[in-house]
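Structure, as C-alpha cells:
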Amino acid sequence: MASAGINFNNLTPSNGAIQSLRELIFLALVDVETIGNLVKFMPKQKHGDKLGFVGEFGLLGKAHQGCDPTYANDLVNTSEKTWDIKRWEIAEALCYADLEGTVAALALKTKTNVADLTGTEYMDEIVAPLLERAVKKLILRFAFFGDKNASTYDPDDHTTGTLKPGVDAGYFNLINGFFQQIFAGVAAGTISRVVVDANTKTTSALQKAAIKTAGAATGIMDELIESASPVLRQLTGKRIYVTQALADALAADIKANNKGSELQWEAIFDGITKTTYNGIEVVALPFWDEIIQGYLQNNTNVGAWDKPYRAIFTIKDNLLVGSESEDAVADINIFFDQKTKKNYIDAMDTIGALIGQDNLINVAY
C-alpha cells in the first residue's frame, strides 16, 4: 500500500512526480517506520570500497606507577569488510487491452488515447503504490536471501539447487545476502549458531510437530540469548529477528505450557510485528516465511521446508544495506510508447549487504 498521506495523482514524467516517487521509495528505505526499522541503510557506497569497524578497549587500568609510568599499547580492535554492490532493475510493460473487461477499464482514457495509461487513476493510484511496495520487497529479498550461487533444484539428482523448480535464479543471485553470510560465518566458526532440531525433520508436517513440542520454541530462544557474546548482550537496541513460524510457535509454547506471560504483539508495518521476550525485543518477519515456503528448496528432504524456524539475534546497525544512490532510487521511468501502444516501467538502482561484526550476531536455524 502507498504511504499514508501520499497523493499519487498525476504521476506523469512531465510534472516531476516521478522524482517524488523516487524520493518516496528512498525514504521508505531509511525511515525508521519502514525498512529503516529493520536494517541500517547506507547511501553513497561504492562497489569494492572498504568499510571499517572499531571494537572496544579490552582491560584498562592498573595500580598507580608513580613517576615515569610505563605506557601500554592496548589498541582498540579494528576490522574491515568490502562492499559487493550490484545493479538491479525492474522492467515491465503494460498493455491497456489487458484491462478491458475489468473494473480498471473505467480509469482508461478514451478514443485514440485509450492505450496511454500515464496520468490515469490506474497508473497513479494502483500501479505506482504497488511499484513502491515491490521495490521494498526487492530490497529485503536481496538483503536477506541473496545467494550468488542460487540455482534451480533438480529433482532427479537431489543434490544441487537452492530454489524450487520453476523459480528464476535471477531473482536471488545478484549478491550474497545476510543468510548466506551467516551460513559462511557459521561454517568458518566466526558466527555462533543454535541448532534448531525441528528444521532437520524430513517433512513440513514433522517440522511443525517438532516445533510444537513443549519447550522447543522457548528453548531455542533461551539458548540463543544465553549463548550470545557478552558484548552483544550489553548493547542498547539488541533484538531478535524471527520467522513468523517461529514467532507463532514461541507464543503457543508460552501459552500452552505456562512458560511466562502471554506475548503481546504490536504491529510495525506491512504485517511485521514485535514483542518482548525476556526483556529483549523480538521482531517477526513474515516475508521470511514467504520466501522460505514459496521459493526455497530443502535439498536434503524434498518434502520439508528449508529451515523454516530461523532467528537472528543482533542490533539493527549490524545489518548493513548499501547503495550508490544519494537521496533517491537511481532511476524510475514510467512512459507510454506510441509505436508499440504499451506503457513501460523502468526502475534501476544498486544494492549490497554486509554483516558488520560477526561477534555481534548470534543465529538459530
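Here are some notes:
- Listed by position, the strands (runs of 3 or more DSSP E) inside the stretch 295-365 whose residues that are not small (Gly, Ala, Ser) number at least 3 are 311-315, 319-322, 331-337, 342-355.
- With respect to the conditions (1) in contact (Cβ under 8 Å) with a residue 60 or more places away in the chain; (2) surrounded by fewer than 16 Cβ atoms within 10 Å (Cβ to Cβ); (3) small (Gly, Ala, Ser), residue 192 lacks only one, and its number is (2).
- Residue that is closer than 23 Å to residue 174 by Cα, open to solvent by less than 40 Å² (accessible area, probe 1.4 Å) and out of contact with any Phe, Trp or Tyr (no Cβ under 8 Å at 6 or more places or on another chain), where the choices are 312, 332: 332
- Some residue of the stretch 298-305 being β-branched (Val, Ile, Thr) and touching a strand residue (DSSP E or B) at 6+ places or on another chain (Cβ under 8 Å): no
The rows are residues; the columns are (1) in a strand (DSSP E or B); (2) without any contact (Cβ under 8 Å) to a residue 12 or more places away in the chain.
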| site | (1), (2) |
| --- | --- |
| 209 | no, yes |
| 239 | yes, no |
| 252 | no, no |
| 261 | no, yes |
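- None of 122, 71 is in contact with a helix residue (DSSP H, G or I) (Cβ under 9 Å, 6 or more places away or on another chain) and either open to solvent by 30 Å² or more (accessible area, probe 1.4 Å) or modelled with pLDDT under 75 (or both) except 122.
- Here residue 176 does not qualify as open to solvent by less than 20 Å² (accessible area, probe 1.4 Å) and either free of Cβ contacts under 8 Å to residues at least 24 places away in the same chain or polar (S, T, N, Q) (or both).
The values are calculated or read from the model by the stated rules, or taken from the named source; none is laboratory data. What you are looking at is a predicted structure, and each value in this text was computed from that prediction instead of being measured. Cβ coordinates were reconstructed from backbone atoms using ideal geometry, including for glycine residues, and neighbour counts include every protein chain displayed. Ligands, DNA and RNA are excluded from the accessible area calculation, which covers all protein heavy atoms including side chains. Shrake-Rupley method; radii C 1.70, N 1.55, O 1.52, S 1.80 Å.
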